[in-house]
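Q: Here it is, the structure, as structure tokens.
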Amino acid sequence: MLFNSLEFIFLFLPISLFIFFFLGKYGYHRLAITWLVTASLFFYGWWNPRYLLLLLVSIGLNFFIGYTLNQLNSPVRKKTLLILGITANLIILGCFKYANFFVSSAADILGINFNLQNIILPLGISFFTFQQITYLVDSYRGETKDSKFVDYCLFITFFPKLISGPIVHHSEIMPQFADKTVCQFNLENMAVGITIFSLGLFKKVVFADNIAAYASPVFNTAAAGIFPTFLESWIGALAYTLQLYFDFSGYSDMAIGIARMFGIKLPVNFFSPYKATSISDFWRRWHITLSNFLRDYLYIPLGGNRKGEIRRSLNLMVTMLLGGIWHGEGWQFVFWGGLHGAYLTINHEWNVLQKKYDLKTDNWLSLKLGWFITFLAVVFGWVFFRSENMATALIIVKGMIGLNGLLFSTQIIESGLKKAFIDISILLAIVWLTPNVQEWMGKYDPVFNYEKVKKLSSNSLFWSRLQWQPNQTYALVISVLTVIALLHLTKVSEFLYFQF
Amino acid sequence: MLAYLKTYLTMVSTIISFIGVLNVAVDPLWYAQGNKLNPINVPYNERLTKTNLFLHSDRQKYDCLIFGSSRVTLLNSKALKNNVCFNYSFSAGTAEEFAKYAQYVKDKGVNPQKIYVGIDAYNFTFDKKTALKKKVEVAEPKPAYQAYLFSLDTLQFSLKTIFRLNTEIRYYEQDFQGKFSDNAPKYKPKFVDKKTQEKCNFSRIAYYKQIRHIFPNAKIIGYVPPISVWKLFNESYARGLLDCELQAIYEASKSYDITYDFSYPSEITTVTYNTYDGSHYHPDVNNQIAQVLEEKRSNLGIRIHQYNLNEYQQFHKSKLKEYLYKEQQGKRL
């Protein structure tokens, strides 16, 4: 079921909320939690009931391993079981996600013609697999001793974040489920939740889906072997840059808003990433929960920055390459991950140089230059991320550096240069100059770890005065935005991150 | 917080309900029997609207179907008095679409005795708009709750209809019969000087024949709608296409029981007051055509198969020649 579908908004969500709070009102906290698990499984099964079994088996297996890890005393046995558990999860993920890629790559190398029947990727498998790995590691560390099976089920399946995150840590969400007041209806949670959900819906269906009309033709044309010009390539790349941000951050806002209606605060996933002034800053703001996961469960266990500069660079590269592969099968994802690994390494080396020579880079000009270079680097990376394969990406990159000619041809982007320019400019102004949803909602602690990310905020007094408040003016503004978003629902489109 | 939620929910439900009611009242996509505010149904998406009309009517009553382009939409199905006809023609309709829609209608349980098929010469000379569609899908309507309440497109169509912002000259009346707008421009044609030698593409002939395979027992009557002499000269003769277009029409109509041609220079196609663009003829003209199609009149149009191909081509050319000489335009030949 999609968050941006009528069935979800007008049937599934209200019914789920009503029964949850109805049970809560009469003191049935455990029953309310069980109801949420049931609703979440229904939500998942709506897409394809066959994969519900896979999800349930995965949950059962991981809970059992986690439980056993908590019981074992022998460090060797614990470590062996942990490795087995993680391997089992990765094998399941690998079979569904990368089998086609490995087989076709091997066939290419060996020069043979062999294809697997296309394996359908179960929805959200990358997300729920990662989440279960975190649980196993936390169990190994002895941090999950009091887990109950139903709570664990909800930790994995809680429908707002089941399909595309945010990836939550056990310690972030389990105490919230355990709190008996969670199923008591709360006006503030409902008002804040509805508002965040509406803003996310608007970002997805109005901004992301409309700007996609400029990105898709350029990438599709390039995939067909036609060379887009300089202007067309930049329009395609910038439009996709905006589409991906509004799509995924819109989805995350919807997830955060829905969870908040249920009284649960999810962690923040996006915090104005295109305002970042360095690539490290970008990764502190983009898909934050995945970045944190990769940092805590991969980069730091690999040694992080504790073993010298060369080893740090290597660890960064390995982490980003695996992060790239996690996003999908295909060499373009490997390249994208490697590219960001290289970006981060350069960024760290630059920081070292700054310290060594005491370079002042906190002035206005340096910050703006840093922001500009970061943005260009990110846009360049997204070209590979979006392209069907490396050949397509290289066609667009050639276009972006002017090797395919400069002129604008109206055949690729039907609505023409002027409209594309205006639409892209408006959305760029929004991402660069206005606060993000979390900042708008800042007075009401919109997310689990808001205090942590708040320091990234750079908004002026003007914007802070316009923060959301539960007054009539905002009620009118948000209701109009909601209506506009609802009127776009007939063009239901899937979220980009569903494919990962 | 309570006041905020109350205002928010009231506003959203009020605006959405208002839009829903407006969309249902104007019904631009013909889900609920069309416009209830005024007698105008604008053809926004005729493939979809006609499908809606078809699906929401008593389908079993139809013993006759009409397929064709926008020229055929002006043929009043009620003027065909011998049968109960459903006019499934739509703007820029092409042969592959007629075959697809014929199959769709059959799948829905309709078994017509008679089928009228408009044959337009543009089917055999492709441009971007009429390019052969390799994969044709029937415009299946979405569930009404999606189309009405939450569609910005539908709202735009409704507002355009209410405020008469549509630029369509052709529209449908309350009973879904095609009409001309009172503001239809006067047709002011000119002959072009340009002469080229282009070629026809015969691949659509197979789709006309496919209709016969879909309904083997129906009486199929083809007809070439009227085209003004200026358009005939400019778009067919001057481009060297007239002979091959006529050949394609002749071939396409071979599997039909009868095929009429109204496109040669005649008293209908050599005047300008009965059309706004040389392709779309006034419903009065189409009523006369309906009489011919039902064999109640014989002084209009020709039956293609009373000629062989060469005679058919010669007939057209001689009529064109005759007209041009009469108008002192013979040098154009």
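The values are calculated or read from the model by the stated rules, or taken from the named source; none is laboratory data. Predicted, not measured: the structure shown is a model, and the values here were computed from it. Because the Cβ atoms are built from the backbone with ideal geometry, glycine has one as well, and the counts that use them run over all protein chains shown. We work out accessible area using only protein heavy atoms, side chains counted, and drop any ligands, DNA or RNA first. Shrake-Rupley method; radii C 1.70, N 1.55, O 1.52, S 1.80 Å.
Q: Limiting things to C-alpha atoms, what are the Rg and the maximum Cα-Cα separation (Dmax) for chain B, in angstroms?
A: Rg, Dmax (Cα atoms, Å): 22.0, 84.
Q: Using only protein heavy atoms and a 1.4 Å probe, how much accessible area in total is buried between A and B, to the nearest 100 Å²?
A: 2300
Q: So which trypsin sites (Lys or Arg not before Pro) in the range A:301-366 end up in coil per DSSP with only 13 or fewer other C-beta atoms within 10 Å?
A: Hits after loop and neighbour filter: A:Arg306, A:Lys307, A:Lys360.
Q: Put +1 on the Cβ of every Lys and Arg and -1 on every Asp and Glu Cβ in the range A:6-184; which of A:Pro166, A:Asn62, A:Phe127 then has its Cα farthest towards the positive end of the dipole?
A: The residue sitting farthest along the positive end of the dipole is A:Asn62.
Q: What per residue convex hull volume, in Å³, do the alpha-carbon atoms of the range A:359-500 yield?
A: 221
Q: Over the alpha carbons of the range A:306-370, what is the largest minus smallest coordinate on each principal axis, giving the biggest first in Å?
A: 42, 30, 12
Q: Trypsin sites (Lys or Arg not before Pro), restricted to the range B:275-330: which are DSSP loop and have at most 16 other Cβ atoms within 10 Å?
A: Those satisfying the criteria are B:Lys296, B:Arg297.
Q: Taking a Cβ-Cβ separation under 4.7 Å as the criterion for a possible partner, which cysteines of the protein assembly as shown have none?
A: Here A:Cys95, A:Cys153, A:Cys183 come out as lacking a disulfide-compatible partner, given the Cβ-Cβ threshold of under 4.7 Å.
Q: Distance in nm between label sites at B:Lys321 and A:Ala224, each 7 Å beyond Cα in the beta-carbon direction?
A: Calculated label separation equals 4.5 nm.
Q: Magnitude of the Cβ-charge dipole of the range A:6-184, K/R +1 and D/E -1, about the Cα centre, nearest 20 debye?
A: 380
Q: Please compute, for the alpha-carbon atoms of chain A, the extent along each of the three principal axes and give them in descending order in Å.
A: Taking the Cα atoms of chain A, the three principal extents are 67, 61, 55 Å.
Q: Can you pull the percent of Cα pairs in the range B:139-285 with separation above 27 Å?
A: 46
Q: Please list, in chain and number order, the residues 5+ apart from B:Ile115 or on another chain whose amide H is under 5 Å from its amide H, with Hs placed from the backbone.
A: B:Leu65, B:Lys219, B:Ile220, B:Ile221
Q: Right, next: For B:Thr259, enumerate residues with amide H under 5 Å from its amide H, sequence gap 5+ or separate chain, H modeled in the peptide plane.
A: Residues meeting the criterion, in which the H sits 1.01 Å from N, are B:Gly222, B:Ile304, B:His305.
Q: Please list, in order along the range A:346-353, the HN-Hα scalar couplings obtained from phi with the Karplus expression 6.51 cos²θ - 1.76 cosθ + 1.60 (θ = phi - 60°), rounded to whole Hz, x for Gly and Pro.
A: Ordered by residue, 3J(HN,Hα) equals 4, 4, 5, 5, 4, 4, 5, 4 Hz.
Q: In the range B:218-333, if every C-alpha pair distance is counted and binned at 5 Å from zero, what percent goes to each bin?
A: Bin by bin from 0 Å, the calculated values are 2, 11, 22, 24, 21, 14, 5, 1, 0, 0.
Q: Related question: If you take every DSSP beta bridge fully contained in chain B, what fraction is antiparallel? Give it as a percent rounded to 5.
A: Here the antiparallel bridges make up roughly 30 percent for chain B.
Q: Pairs B:Lys61/B:Lys129; B:Lys129/B:Lys219; A:Lys180/B:Lys6; B:Lys142/B:Lys186: which are spaced more than 29 Å apart, C-alpha to C-alpha?
A: From B:Lys61/B:Lys129; B:Lys129/B:Lys219; A:Lys180/B:Lys6; B:Lys142/B:Lys186, over 29 Å: B:Lys61/B:Lys129; B:Lys129/B:Lys219; B:Lys142/B:Lys186.
Q: Charges on Cβ only, +1 for Lys and Arg, -1 for Asp and Glu, centred on the Cα centroid of the protein assembly as shown; of A:Asn305, A:Pro14, A:Phe96, which one is farthest towards the dipole's positive end?
A: Result: A:Asn305.
Q: Taking the Cα centre of the range A:189-498 as origin and charging only Cβ (+1 Lys, Arg; -1 Asp, Glu), how large is the dipole, in debye to the nearest 20?
A: 820
Q: Report P(r) for the range A:6-184: all Cα-Cα distances, bin width 5 Å, range 0 to the bin holding the largest distance, values in whole percent.
A: Whole-percent P(r) values from 0 Å outward: 1, 8, 15, 17, 17, 14, 11, 8, 5, 3, 1, 1, 0, 0.
Q: In the range A:348-500, with Lys and Arg counted as +1 and Asp and Glu as -1 at Cβ, which of these residues, A:Val379, A:Asn351, A:Val437, has the Cα nearest the positive end of the dipole, that is, farthest along it?
A: Going by the Cα projections, it comes out as A:Asn351.
Q: Just need the relative contact order of the range A:6-184 here, percent rounded to a whole number, with Cα pairs under 8 Å and 6+ apart.
A: Over the range A:6-184, the number comes to 31 percent.
Q: Give the residue list of trypsin sites (Lys or Arg not before Pro) in the range B:153-206 that are DSSP loop and have at most 10 other beta-carbon atoms within 10 angstrom.
A: Passing sites in the range B:153-206 are B:Lys186, B:Lys190, B:Lys194, B:Lys195.
Q: Mind listing the phi-derived Karplus ³J(HN,Hα) values for the range A:434-440, rounded to whole Hz, using 6.51, -1.76 and 1.60 with θ = phi - 60°, and x for any glycine or proline?
A: My calculation for the range A:434-440 gives 10, x, 7, 4, 5, 5, 4 Hz in order.
Q: Let me ask you something else. Assigning unit charges at the beta carbon (Lys, Arg +1; Asp, Glu -1) and nothing else, what dipole magnitude in debye, to the nearest 20, does the range A:324-380 show about its Cα centre?
A: 200
Q: Same structure, new question: Tell me the Kirkwood hydrodynamic radius of the range A:397-450 in angstroms, computed as one over the mean inverse distance between distinct C-alpha pairs.
A: Kirkwood radius, the range A:397-450: 14.5 Å.
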